[in-house]
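See below for the structure under consideration.
The values are calculated or read from the model by the stated rules, or taken from the named source; none is laboratory data. Just so you know, these numbers come straight off a predicted model, no measurement behind them. FYI the Cβ positions are ideal-geometry reconstructions off the backbone, even for glycines, and counts take in every protein chain you see.
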């Protein structure tokens, strides 16, 4: 099958580790089958994603990035989850739709792209709600191109511009080069944001940026780059203040605190000056309870 061929010398993400995932685990932690940690109606995404009914969210195990501060480390780094076949994934999508989900929200899906594509090609015509590609942004253009026509909404992070920072915190010196080019491809596919009569996003790109402790200057560079490269009225900016230190990090002690009001306000002010539309978070969003329990519910 095509999906097995693509993981036998895996180059789905920019790391291009080349591991035969039918025999061993890739750098991302993924093996030969889809692995899912939870499927649920999620109410803590951006308002245009969660809406009133919730976003039909599927949390996949593993991740191409190794962020030191990941809130979902149980599944991204420890690879907690349950292996399922493609047909089961299709059933999960329809189950979430039946519960009233505004969309199908695929969280950290990159390492399972061939399997997800197989599922969406089978059911997309009858699904009839938008599909969201919710990613850390560390993507290959080729992988994003393979999603054309199957994904309606791209929800990527744009974490860093400085390669030293991205290497330090996520083990990916090429993060910005990869993420910036992938973002351009995402926008070229779905174009400007479009909403239904209830303000729910039907198609478009929402760029997330999490302000990290001590890194406001890099955040400002990212805003400037976005302003120069995209029509501000077409993409939505989600500027996040929710950074929460989940575990004490002796190696990176600067991460062992939440961001200050000053740090966030400086970045938020710049976003407003540049004229971005989208979402700002209250500092009260930095709470651990907003991260769901990964207990295999809904699988």
- Considering only region 1-77, give the helices (runs of 4 or more DSSP H) lying wholly within it that have at least 3 residues that are crowded, with 17+ Cβ neighbours inside 10 Å and touching a strand residue (DSSP E or B) at 6+ places or on another chain (Cβ under 8 Å). 47-50
- Task: Starting from region 89-101, take each residue that is at positive phi and touching a residue at least 12 places away in the same chain (Cβ under 8 Å) and list its partners that are outside any loop (DSSP other than H, G, I, E, B) and buried (at least 17 other Cβ atoms within 10 Å of the Cβ), counting only C-beta distances under 8 angstrom and pairs at least six apart or across chains.
- Result: 100/41
- Within region 215-231, residues surrounded by 15 or more Cβ atoms within 10 Å (Cβ to Cβ) and without any contact (Cβ under 8 Å) to a residue 60 or more places away in the chain come out as 215, 216, 218, 219, 220, 223, 227, 230
- Note on the structure: Filtering region 87-124 for residues that are surrounded by fewer than 21 Cβ atoms within 10 Å (Cβ to Cβ), over 14 Å from residue 151 (Cα atoms) and touching a helix residue (DSSP H, G or I) at 6+ places or on another chain (Cβ under 6 Å) leaves a count of 1
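Among the residues of region 274-290, which ones are at pLDDT 90 or above, surrounded by 11 or more Cβ atoms within 10 Å (Cβ to Cβ) and in a loop (DSSP other than H, G, I, E, B)?
Scanning region 274-290 gives a single hit, 276.
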